[in-house]
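In what follows, a single structure is set out as structure tokens and then discussed.
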Amino acid sequence: MTAETRRFRSLFISDVHLGMRGCQAERLLDFLKHHEAQTIYLVGDIVDGWALRSSWYWPQAHNDVVQKLLRKARAGATIVYLPGNHDEFLRDYYGTHFGGIDVREQAIHEGPDGRRYLVLHGDFFDFVVTQARWLALLGDKAYDIAIVVNRMFNAVRRRLGFPYWSLSQWAKSKVKNAVNFIGDYERTLAGEAARFHVDGVICGHIHSPVIRDMNGIGYLNCGDWVESCTAIAEHHDGRFELITWTAEREPRREVPVPVQAIQAA
């Protein structure tokens, strides 16, 4: 049994990390097969240049994701690529158009209800990335190790009949500094949206998917395709939905968070 194709006005995908061993490209490819949209925003860190510089890793599934996106562009979808820190090499190409994909620093997305959203990756608001790059690179290596350990742990859990469990998400929820960082990041991005006089911000970077109201400003984080396997979808009436696409779907179907509308002031 396969899921029916769902059609949206827009899809927002971030932090795929193609080229990283922890990337769950097969799940993203499956997601793209069952979701269509007029506009697709690639909200940064789609390709992991940091990982590729360290050790080349590019299996067929990673190439298939690229080809799938290019086919969607050829079929008429508008695709906007907003590079992040891991695919910063594309920041030299702002304003260019290749293979049906527009490369931009940031975008203003206007919904059918007239609400406007600032769309950007978000790494420019991360002090570690902008001011202590060596620490960001060290943290990236530690994250890679945590993903490997987590995969091994979850392989045992699956054999015992238990669902997927995320080490990094657990750590983020328990470690005070991580919780404070996420909270500060969300407030900073919401503040940037207010500075642009828009109704909300759609971003990525911190791998923490969520849709919430921040004092009248909509904060939407796409999550990632290393652990959470999430994307944000915009319905044709302007509502937003956070979709989780995991291997635990039996039979194959998405397990979405209930549809949420951003009620901006």
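Data overview
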quantity: Neighbourhood net charge (12 Å Cβ-Cβ; Lys/Arg +1, Asp/Glu -1) for Glu110; calculated: 0
quantity: Order of Phe8, Phe98 - criterion: other Cβ atoms within 10 Å of each residue's Cβ, fewest first; calculated: Phe98, Phe8
quantity: Positive-end extreme of charge dipole, the stretch 70-120 - chosen from Gly84, Ile101, Tyr117 (charges on Cβ); calculated: Ile101
quantity: Backbone HN-Hα couplings from phi across the stretch 55-72 [Karplus 6.51/-1.76/1.60, Hz, Gly and Pro as x]; calculated: 7, 5, 8, 8, x, 4, 4, 5, 5, 5, 4, 4, 5, 4, 5, 5, 5, 5
quantity: Sum of side-chain charges, Tyr81 neighbourhood, beta-carbon under 12 Å (Lys, Arg +1; Asp, Glu -1); calculated: -2
quantity: Sequence-distant residues sharing a close amide H with His35 (under 5 Å, placed H); calculated: Arg6
quantity: Contact order relative to length of the stretch 1-67, as percent, for alpha carbon pairs under 8 angstrom and 6 or more apart; calculated: 44 percent
quantity: Sorted by Cβ neighbour density within 10 Å, fewest at the top, the residues Phe125, Phe240; calculated: Phe125, Phe240
quantity: Protection proxy ranking of 192-203, 17-28, 224-235, 106-117 - average other beta-carbon atoms within 10 Å, highest first; calculated: 224-235, 17-28, 192-203, 106-117
quantity: Nonlocal amide H pairs with Asp224, under 5 Å, H built at 1.01 Å; calculated: Cys229, Thr230
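Only the coordinates and a few stated rules stand behind these numbers; no lab work does. Remember, it's a predicted structure, so these values are computed and weren't measured experimentally. As a convention, Cβ positions derive from the backbone with ideal geometry for all residues, glycine included, and neighbour counts pool all protein chains shown.
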